[in-house]
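Everything on this sheet refers to the single structure shown next.
Every number in this text was worked out from the coordinates using simple rules, so none of it is lab data. Small disclaimer: the values here were computed from a predicted structure and weren't measured. As a convention, Cβ positions derive from the backbone with ideal geometry for all residues, glycine included, and neighbour counts pool all protein chains shown.
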Amino acid sequence: MASVLLLLGVLYFVAHFVALAYPAIRLPDVLFLMGLGILLGPVLGFVQPGDFGQVGRVLTTIALAVMLFESGTTLDLGAVVKTSRSTLILTFGSAALTLVLTALFARWVALKDAPWTSCFLAGSIICGTSSAVVIPLVKALGMRPGTAIPLILESALTDVICIVLAVGLIEASTSGEVGAAALFGHSLASLAVAGIIGHLGGVAWLFLWESVRRLPAALFTTLAFAFILYGITELLGFSGAITSLAFGFSIANSGRLYLGRLFKRKAFPGIQGEERNFFGEVVFLLKTFFFLYLGISMDFARWNLPMMGLLAGLVLLIYAGRALLCRFAFSTADTTRSEAALVSIMAPKGLAAAVLSSLPVEAGVPHADRIQMGVFALILVSITMTSLMVMVHRLPPFTLVPRILLASFPEATPAPAEGAPPPAEAPAPPPA
């Protein structure tokens, strides 16, 4: 235990150094931390996942909840509405594309003797993107809201889609019956109910916030309330991740949501600078732990180079499919080719896929052990490839494919026509 504490303390400072050096070395801290976890865990055997006990899994869930809450507080209602079309096309299009590509890959390459339900089950487990990877990368890259917001929302929404599809297909694999309409309806219901719980929780917290701030050591109370909402939502069988995102969004946009007028109050309290800095510190700490733990938890015992190469090929196909989706999801008038390329490669898998991969094993689904092994390998491959592509996507050898698939997007944001009036400033938020 002493070695674990020593390691965590030292690595926290190392993570700060890597984040500080990012503009110079262009190495995403996500990749560095996971690689360090792999080195200290599977390679050197210095730390084992068992050293963390149940605390490891609990803290990974906390990390996701806090990251999504903090991301919600940075979302602007006007920007979310403006990018809603892009978000919906990217979210559902990418999930469907990844599901089909993975199912075909499983059927023809990895699980040739498996039934189609098992192949589509494998696809449903990995058809989303990881919030814990996407959000730090989006922030490190300084992406503009037009592309950053759809990526953040996609990473949260696809978690729900993965869970609903995976559970439904597990039932189909064991009972032989599957209802596509029921799965689609349950996905929408889960998204809606989780969002409503988060919004109502945000309204309740706005009423309590001023009083709570008078308590000693009150900085953590907002996060504690987010945990309460997350737990309630999960106990009800819905998505705590969506609730966390909606809660953060609601308390950050009380003015734009007209909550003050609705409840006949002059103003609701907003997020103060000290609180925002605190949320950022907590996110950084949890992110550091999350990716170290993810690397330590990797098991290379049954992996081999041919399998990893095939999975890398699958990830490249997913990138290409997302690039084609970008042509429908984003306007060429205000999205550059580089931004569209970044959206295309933001397809890492993470904790949700790892957790869901254990469900087929518990349910006794045919070929479940091979599905789980493949999912864990794909998590490593997809995170590594996404992080590396973020570093090199502007280099000449890697711009050829975007030039072909994303040819309709300009190299740079088009300048306004000569003599055209300057763009209007965004209206100030109405009083709460």
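Quick one: Karplus J couplings for segment 14-22, per residue in order, coefficients 6.51, -1.76, 1.60, θ = phi - 60°, nearest Hz, x for Gly and Pro?
Rounded to whole hertz, the list is 4, 4, 4, 5, 5, 4, 5, 8, 3.
If you add up the charges near Leu245, with Lys and Arg at +1 and Asp and Glu at -1, over every other residue whose beta carbon is less than 13 angstrom from its beta carbon, what do you get? Please list the in-between numbers first.
On the way: positive: none; negative: Glu70, Glu154, Asp159.
Result for the neighbourhood of Leu245: -3.
So what is the calculated 222 nm ellipticity per residue for the chain, using -39500 (n - 2.57) for each DSSP H run with n of 4 or more, over all residues, to the nearest 500 deg cm²/dmol? Before the final figure, lay out the partial values.
On the way: 19 runs with 302 residues, N = 432.
So the calculated ellipticity at 222 nm is -23000 deg cm²/dmol.
Given axes a ≥ b ≥ c from the Cα gyration tensor, I'd like to know whether segment 40-134 is rounded (a/c under 1.5), prolate (a/b larger than b/c) or oblate.
Numbers: a/c = 2.95, a/b = 1.03, b/c = 2.86.
Oblate is the answer for segment 40-134, as a/c is 1.5 or above yet b/c matches or exceeds a/b.
Counting Lys and Arg as +1 and Asp and Glu as -1, what is the net charge of the other residues whose Cβ lies under 13 Å from the Cβ of Phe328?
+3
Between Arg144 and Leu388, what length in nm is gained on full extension when 0.36 nm per residue of separation is reduced by their alpha carbon distance?
Separation in residues times 0.36 nm, less the Cα-Cα distance, equals 85.8 nm.
I need the phi-derived Karplus couplings for segment 144-155: 6.51 cos²θ - 1.76 cosθ + 1.60, θ = phi - 60°, integer Hz, Gly and Pro marked x.
Along segment 144-155, the couplings run 6, x, x, 10, 5, 5, x, 5, 5, 5, 4, 5 Hz.
Just to check I understand the Karplus step: with θ = phi - 60° and J = 6.51 cos²θ - 1.76 cosθ + 1.60, what whole-Hz values come out for segment 108-114, glycine and proline as x?
9, 10, 8, 10, 4, 9, 8
What is the pair-distance distribution P(r) of segment 10-405, computed from all Cα-Cα distances in 20 Å bins starting at 0, with each bin given as a whole percent?
In order of increasing distance, the bins hold 27, 60, 13, 0 percent.
Averaging sequence separations of C-alpha pairs under 8 Å and six or more residues apart, then dividing by the length of segment 10-405, give the relative contact order as a whole percent. Don't jump to the answer; show the numbers that get you there.
Working: 533 pairs, mean separation 110.7, N = 396.
This gives 28 percent for segment 10-405.
Mind putting a number on the dipole of segment 10-405 about its Cα centre? Charges go on the C-beta only, +1 for Lys and Arg and -1 for Asp and Glu, and I need it in Debye to the nearest 20. Numbers along the way, then the final one.
Values: 25 positive and 19 negative charges, 223 e Å.
Charge dipole, segment 10-405, about its Cα centre: 1080 debye, nearest 20.
For segment 120-154 and segment 39-75, what is the separation of their Cα centres, given in Å?
About 18 Å separates the Cα centre of segment 120-154 from the one of segment 39-75.
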